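Beneath this line is the structure, given in structure tokens, with notes to follow.
The values are calculated or read from the model by the stated rules, or taken from the named source; none is laboratory data. Computed from a predicted structure; not experimentally measured. Every residue, glycine as well, gets a Cβ built from its backbone with ideal geometry; the counts of neighbours run over all protein chains shown.
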Amino acid sequence: MDQIEIIRGVSDVMDAIGVSVVSIGVLWGLLCFAKALITQSSDVAYKTFRVQIVRSLILGLEILVAGDVIRTVAISPTLTSVAVLGAIVLIRCFLSWSLTLEIDGRWPWQPPRNR
């Protein structure tokens, strides 16, 4: 097995981990939602579910970006592949920032609000 195959395998594992994190996070969110419906209001249960989904999406996106970086830098570091990676990273960063804004009500670089 040569280095390219090993690196491709590592990046494939990273992709699988990223997808698993999102999937497990959504399932965990559903479980927490069902538990919260029993003990709390539906509004609180919904917010709990939403926060869990966003957290799993952000973590999954970060892992997927790591897999893309490994794949691009180690396997095919051409100008085109690096440009495509840059576009993917920008889109995923914007998505992560938007999700953070949605949940926290502030941009990631802003200090937390006093509640």
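Here are some notes:
- Any hit, the stretch 42-54, residues being under 20 Å from Glu102 (Cβ atoms), touching a Gly at 6+ places or on another chain (Cβ under 7 Å) and touching a residue at least 24 places away in the same chain (Cβ under 8 Å): yes
- Qualifying positions in the stretch 4-32 - over 20 Å from the mean Cα position of the chain (by Cα) and in contact (Cβ under 8 Å) with a residue 12 or more places away in the chain: Ile4, Ile7, Arg8
- Failed item in (1) modelled with pLDDT of 85 or more; (2) closer than 30 Å to Gln3 by Cα, with Arg50 passing the rest: (2)
- Residues within the stretch 59-87 that are within 18 Å of the chain's Cα centre (by Cα) and either more than 30 Å from Lys47 (Cβ to Cβ) or modelled with pLDDT under 85 (or both), tallied: 8
- Residues being among the hydrophobic types (A, V, I, L, M, F, W, C) and under 20 Å from the mean Cα position of the chain (by Cα) - total across the stretch 34-55: 4
- Residues that are exposed (fewer than 12 other Cβ atoms within 10 Å of the Cβ), touching a helix residue (DSSP H, G or I) at 6+ places or on another chain (Cβ under 6 Å) and small (Gly, Ala, Ser) number at least 3 in none of the helices (runs of 4 or more DSSP H) confined to the stretch 1-110.
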